[in-house]
Amino acid sequence: MKKLLSFVFVLTFSLFFVFASSYLTVSTEHFDIIYKEQSSVMAKSLYENCERIYWEVSDFLDIDVNVHIPVVISDSSNVLNAYYTSWPYNRIMMYDTLSSIDYLAVFNDSFLSIFKHELTHALHHNNVGGFWKFIDKFLPIASPQ
């Protein structure tokens, strides 16, 4: 049994190392931007603008939430999309692809506009306290496939 557990540990650690080593991370005051090399253009754009967007949304909502949120940029989708979830921890998932949706074409930079939208969800959610924060722990959150 001990050998089996050791084997599972080594295998899990090895897979984690291979997976984690293919991602890069840059950090700002409020964000860890996690991306692969092929998404470096989007990561750079987000890195240069995320703190400005954070303060715009925070000022607009008139809230002072001090959070640190990982933002994962993935190229695993053919549709420009994103989501925020707090389960099992705060994070924003962004899909790095060109938009084929006409109504997103009105934005100068769809990627940053979508990030701003998801950040609004994140800051609002993290500003909720008391009873609603307690209830949120029991509500299932479905993440898009």
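Filtering segment 103-134 to residues that are modelled with pLDDT under 70, in a helix (DSSP H, G or I) and within 25 Å of S40 (Cα to Cα) leaves L104, A105, V106. Restricting the first member to segment 119-135 and to residues that are among the hydroxyl-bearing types (S, T, Y), and the second to residues that are open to solvent by 80 Å² or more (accessible area, probe 1.4 Å) and at pLDDT 60 or above, the beta-carbon pairs closer than 9 Å and six or more apart or on different chains are T120/F60. Which ones in segment 35-49 are closer than 15 Å to S110 by Cβ and either open to solvent by 50 Å² or more (accessible area, probe 1.4 Å) or touching an Asp or Glu at 6+ places or on another chain (Cβ under 8 Å) (or both)? If the condition is that a residue be closer than 15 Å to S110 by Cβ and either open to solvent by 50 Å² or more (accessible area, probe 1.4 Å) or touching an Asp or Glu at 6+ places or on another chain (Cβ under 8 Å) (or both), then S39, V41, M42, S45 are the ones that fit.
Here is a yes/no grid of residues against (1) at pLDDT 90 or above; (2) of a type in the set (S, T, N, Q); (3) surrounded by fewer than 16 Cβ atoms within 10 Å (Cβ to Cβ):
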site: K3; (1), (2), (3): no, no, yes
site: F13; (1), (2), (3): no, no, yes
site: F17; (1), (2), (3): no, no, yes
site: D32; (1), (2), (3): yes, no, yes
site: I69; (1), (2), (3): yes, no, no
site: I73; (1), (2), (3): yes, no, no
site: S77; (1), (2), (3): no, yes, yes
site: S86; (1), (2), (3): no, yes, no
site: N90; (1), (2), (3): no, yes, yes
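The values are calculated or read from the model by the stated rules, or taken from the named source; none is laboratory data. Computed from a predicted model, the values in this text were never measured in an experiment. Heads up, the Cβs are rebuilt from the backbone with ideal geometry, glycines too, and the neighbour counts pull from every protein chain shown. Accessible surface areas use protein heavy atoms only, side chains included; no ligands, DNA or RNA. Shrake-Rupley method; radii C 1.70, N 1.55, O 1.52, S 1.80 Å.
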